[in-house]
Structure formats: C-alpha cells, structure tokens
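Below you'll find the structure, written out as structure tokens, and then a few comments.
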Amino acid sequence: MSSTQIIILGGTGDLSKRKLLPALLDLFARGMLPETFNIIGFARSDWTDGKYHDFVQDTISKYHSGHNHSEEILKEFCKHITYVQGSFDDLSAYERLQSAIDVFDTSHNTRSNRLFYLAVAPRFYEQIFRDVVGTGVGEEAADAWTHILVEKPFGSNFDSAKALDQQLATLYKEDQIFRIDHYLAKEAVQNILSFRFANNLLKAAWNNHTVESVHITMTETIDVGNRPGFYEGVGALRDVGQNHLLQLLALVAMREPTEFTPEKIRAERTRVLEALAPVEAGDVVRGQYEGYVASDDIPDDSQTETYFELKAEVATPEWSGVPFYIRSGKALDKAEVSISITLRDVASGMFETESCDSTGNEILLTVQPEQSMSITMNAKAPGLGFQLEQRTMSVACGCAEDEIKNSYEKVLYDAIVGDQTLFTTTEEVLAAWKFVTPIIEQWGNTPLQTYAKGSVGPANSIITTN
Ligand code: BG6
C-alpha cells in the first residue's frame, strides 16, 4: 500500500470517538495500514497535536475498553496522528490542512494518497465536497488518489439525494466516492452471501416457491442518547431503514452475481432495490418512545418516529408474493439484528395429519448480539409413537481471533485499498430513497403511537409471525 494520509473531518466527534479512532488503532495493530501513513484530525477546538493525542488515548480507553493493545502500540499509533484546527466554512482552515499534508509529504519525501472521511453532520456535506476540490486540498496526482468517504443519511429524500449526487458527480469520479453503509461491512452481513450462494441446501430453497415470509429486525435498547440534535427530523426510517435495513433486504433477495466483483454484486443489490413495490397504506407503523421530547433539543410536539415497521414486497419473479417485514426501533426491550426466513410448511403428504403435523422451517441469521445461523427442522419426537417436534441446528459464526468486531475497520481498509464492493452506488441510494420517500410523505396519515421505554414497541403492530 502506498503512502496515505487519512483526514478525518470531525475528528473529535461521536463517530470518531466510538468507531473511527478505535478501528484505525486496530488496523494499525494488525499491520494493515500503509507503511507510511498519517492521520489528521480536523475539528473546531483550538488544540495542539499533543492535546489531540491525549484525546485519542482517552477516547481509546473509554470507547475501546476491551482492546488488548499495549501502551507502546498506542503511543506508536499516536506518532502517526496530527491535528488541524478549523471549521468547515472557513477557507483558511483548508490552507492549514494543506500545510499539514505537505509537511508530512515533504518529511517522508512522498506524494501521499488522501482519504477524506466526512464524520460530520450531513448539513456540511455540500460545502465540504465543494471546498475540498475548490481549495485544491483534494487534488489527485498521477500516482496518488483522493477518496472521499461519506456517511449516511445521504440526502433526506429522493430529490435532495439526487441533487447531492449530481453535485458530487461534477466534482469527483465515481471511483473516488465511497458512500458508507457500515452494515454492509459487518462480518455476519457479508456472510449472507456465503450462506446463500455457497450452499446448495439454501440455494434451492431461496425463492417464493419455498419461502413464506421474511422478517428483518433491528432493535436497540439505547435511546437517542446524546444525539437528539441529529435524530430529530431524521427519524428511524431515514436513520436506519433507508440504508441498513434495505441493504439487508437486498442481500436476502438478490440474484447470484455471475462474478465476485464489486460491479456485479452492486448491480444485483440495485436490481432488488429498484424492484421494491410501493408500500400499501396500512402496511406501515410508526412510534415514538415516551420521554423522547424531554430533551431541550426536541420540540414538545415532535412527530419524529423512533420506531417503524413496514411490509415490503420485491416485485421480481422469484420473490413476488413474499412479505418482507422490516422493523426497527430505539429504547426497546432487547438489542437484536436478525433476519428470519420462514419456509412454507410441506402442506401435504404423510406428516400433514391431525395427529402428526409438520411446521415450516425457520432459517435465522443473527447479526447481533452474536453472529450465528440456525435452521429449525422437524424431527421425530423421542418415544413409542410418531410425533414431530422442532429441533434447531445452530452454527456460531464469529469468535475467531481474526474476527472484525468493529465494521469500520473493514470500511476504512476497503477505502484505502479501493475496493467499493461494500459501499453503495448512486443507483442503490436513489432506488432506496424512491421507495422510502412516499412513505415519509404519507407519515401524516399514519398515527404516531407512543410506547414505553423498554417495551416491545407500539401496541398496534403489523408484524405477524409468518
Ligand atoms: C447508525 C445509526 O447508522 O447505526 C444509529 O445512525 C444506530 O442510530 C447505529 O444506533 C447502529 O449501528 P450498530 O453497528 O451499533 O448496530
């Protein structure tokens, strides 16, 4: 890997603390960062490099408490970190950034690649996209690339996402743009493809002849915490539905790509998102947990949903007629991310009698809290008679030493090596917004139910077990 500078715009923010700095340290400890690299934290506080190093060390002990890196590694890591003070609307800040980049390049006698990570609120995107190019700080050289990494939500509806995308396209080439959906980088999510396409057992059953329903669930016990300012006006559907959960759906429903390449995989995901049928009125639920409006940053009459359910359909020959139930919420009774696929009951034959009845199998892929896959099967109940009972076969998929726990490690590594497989294309983002925007526009017709914190969510649910 050639010399690279990683510039984190928003280097003191929540994302940097919780995910990026721990992920970069882990990559460093694994020896997976380029031999010559520099991390530049860019933020508003008037700090020196030394003060930022203290911040990084403090952050690691607070947010990466389970790590087993030695003090020496952490100190060594900090030697690769510099700090630049500035705000995104101040052009002179980009001059300071340029100087820091040049100082590193000159002292290492190199022209580094530049990776800009926008760990900032989406309202700054437009300006940063423009200024990184306009000030020349993002300029590529013949043998040195510039990559720009952008977090979701990318836009707030179809039109704004399209406008943002058009702006990006005038400033950067598609192979420079890395639209992050960190769910795609989770090990268990990547595993969906291996389970589906490397096992004939599952491959044969994976369509509407055999599958009765799919449930995609992402529940969290945490509430909006210290992010009310971000969350208010965004809501659960934009925060995790338009991106993470629709990407899970795409991986469940996509056709097998003809080759294991970024282009083919992303094209198949896109095909699914473009085939999503409009959601029927009555097939959505939204809720808000009690106490959400207690924060000073949230108006008392806030209509922002912290919970949603919807029933989607993928209008392709292999999936039409199969309901995909999607559900997510904050401040619920348990934290879980899973995909449950219920197969149809055999429905006829020797086991469909009153005294001996089979049940449709369930394939359960758990992404969090642990990574596992299980299949519930019908088996003979022990004893003299012949009754059926359900047995579950489970495979634990994580727990190896090399397991990547923080998906941002993969996000950062792939962005450095230039692999865009796990990043979304403009077509995917727009197809997802095309599906979600009419739902948001009709939110007013869907009553906002309140639910108690720590409960299963709103009382009136559309989720059925099959
Ligand atoms: C983020 C959302 O994208 O994903 C958060 O903005 C959510 O609201 C988070 O809590 C969940 O990610 P993970 O990796 O902790 O499941």
Does Val395 qualify as being within 16 Å of Ser340 (Cα to Cα), among the aliphatic types (A, V, I, L, M) and either over 33 Å from the mean Cα position of the chain (by Cα) or at pLDDT below 90 (or both)?
-> yes
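Go through Tyr125, Tyr52, Tyr117 for me and flag whichever is among the aromatic types (Phe, Trp, Tyr), in contact (Cβ under 8 Å) with a residue 60 or more places away in the chain and closer than 22 Å to Tyr408 by Cβ.
Numbers: Tyr125 fails: in contact (Cβ under 8 Å) with a residue 60 or more places away in the chain; Tyr52 fails: in contact (Cβ under 8 Å) with a residue 60 or more places away in the chain.
Checking each option against the conditions leaves just Tyr117.
Being in contact with a Ser or Thr (Cβ under 8 Å, 6 or more places away or on another chain), at pLDDT 95 or above and surrounded by fewer than 22 Cβ atoms within 10 Å (Cβ to Cβ) narrows it down to one residue among Thr36, Thr4; which is it? Walk me through how you get there before you give the answer.
On the way: Thr4 fails: surrounded by fewer than 22 Cβ atoms within 10 Å (Cβ to Cβ).
On inspection, the qualifying residue turns out to be Thr36.
Condition check ((1) out of contact with any Pro (no Cβ under 8 Å at 6 or more places or on another chain); (2) within 29 Å of Arg266 (Cβ to Cβ)) across all residues:
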{"residue": "Phe351", "(1), (2)": "yes, no"}
{"residue": "Glu354", "(1), (2)": "yes, no"}
{"residue": "Thr359", "(1), (2)": "yes, no"}
{"residue": "Met373", "(1), (2)": "yes, yes"}
{"residue": "Ala379", "(1), (2)": "yes, no"}
{"residue": "Ile416", "(1), (2)": "no, yes"}
{"residue": "Leu430", "(1), (2)": "yes, yes"}
If we keep only residues of the range 439-466 that are farther than 26 Å from Phe158 by Cβ and of a type in the set (Ser, Thr, Tyr), then the residue modelled with the lowest pLDDT is Thr465
Can you tell me which residues in the range 195-222 are near the ligand (Cβ under 10 Å from one of its atoms) and in contact with a helix residue (DSSP H, G or I) (Cβ under 8 Å, 6 or more places away or on another chain)?
-> Met218
Which one of Arg238, Arg266 is over 23 Å from Ser320 (Cα atoms), in a helix (DSSP H, G or I) and in contact (Cβ under 8 Å) with a residue 60 or more places away in the chain?
-> Arg238
May I ask you to list the residues in the range 398-409 that are within 12 Å of the ligand (Cβ to nearest atom) and modelled with pLDDT of 85 or more?
-> Asn406, Ser407, Tyr408
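Looking only at residues in the range 334-350 that are surrounded by fewer than 17 Cβ atoms within 10 Å (Cβ to Cβ) and more than 16 Å from the ligand (Cβ to nearest atom), which one is farthest from Val214 (Cα to Cα)?
Going through the range 334-350, the residues surrounded by fewer than 17 Cβ atoms within 10 Å (Cβ to Cβ) turn out to be 334-336, 344-350.
Imposing the further condition that a residue be more than 16 Å from the ligand (Cβ to nearest atom) reduces the set to 344-350.
Numbers: Arg344: 11, Asp345: 14, Val346: 17, Ala347: 19, Ser348: 22, Gly349: 25, Met350: 27 Å.
The qualifying residue farthest from Val214 (Cα to Cα) is Met350.
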Given the conditions (1) surrounded by 13 or more Cβ atoms within 10 Å (Cβ to Cβ); (2) free of Cβ contacts under 8 Å to residues at least 40 places away in the same chain, and given that Glu72 satisfies all but one, which numbered condition is not satisfied?
-> (1)
Among the strands (runs of 3 or more DSSP E) lying completely within the range 330-402, list those that include at least 3 residues that are free of Cβ contacts under 8 Å to residues at least 24 places away in the same chain.
-> 372-380, 388-396
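Any residue at all in the range 245-253 that is within 10 Å of the ligand (Cβ to nearest atom), surrounded by 22 or more Cβ atoms within 10 Å (Cβ to Cβ) and within 27 Å of Phe116 (Cα to Cα)? Walk me through how you get there before you give the answer.
The first filter runs over the range 245-253 and keeps only residues within 10 Å of the ligand (Cβ to nearest atom), leaving none.
No, that holds for no residue.
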Looking at the range 165-179, is at least one residue touching a residue at least 12 places away in the same chain (Cβ under 8 Å) and in contact with a Gly (Cβ under 6 Å, 6 or more places away or on another chain)?
-> no
Qualifying position, being assigned by TED's automatic domain parsing to the domain that holds Lys334, hydrophobic (A, V, I, L, M, F, W, C), more than 29 Å from Ser160 (Cβ to Cβ) and touching a helix residue (DSSP H, G or I) at 6+ places or on another chain (Cβ under 6 Å), among Ile375, Ile416, Ile404, Ile363 = Ile404
Within the set of pairs 6 or more residues apart or between chains, which connect a residue that is at positive phi inside the range 216-235 to a residue that is near the ligand (Cβ under 10 Å from one of its atoms) and among the β-branched types (Val, Ile, Thr) with Cβ atoms less than 8 Å apart?
-> Gly235/Thr306
How do the pairs read when you match residues in the range 197-212 that are over 17 Å from Glu313 (Cβ atoms) with residues anywhere that are surrounded by fewer than 16 Cβ atoms within 10 Å (Cβ to Cβ) and of a type in the set (Asp, Glu), using Cβ under 8 Å and keeping only pairs 6 or more apart or on different chains?
-> Phe197/Glu256; Lys203/Glu256
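The values are calculated or read from the model by the stated rules, or taken from the named source; none is laboratory data. Because the structure is predicted, anything quoted here is derived from the model rather than measured. In this analysis, Cβ positions are derived from the backbone assuming ideal geometry, glycine residues included, and neighbour counts consider all displayed protein chains.
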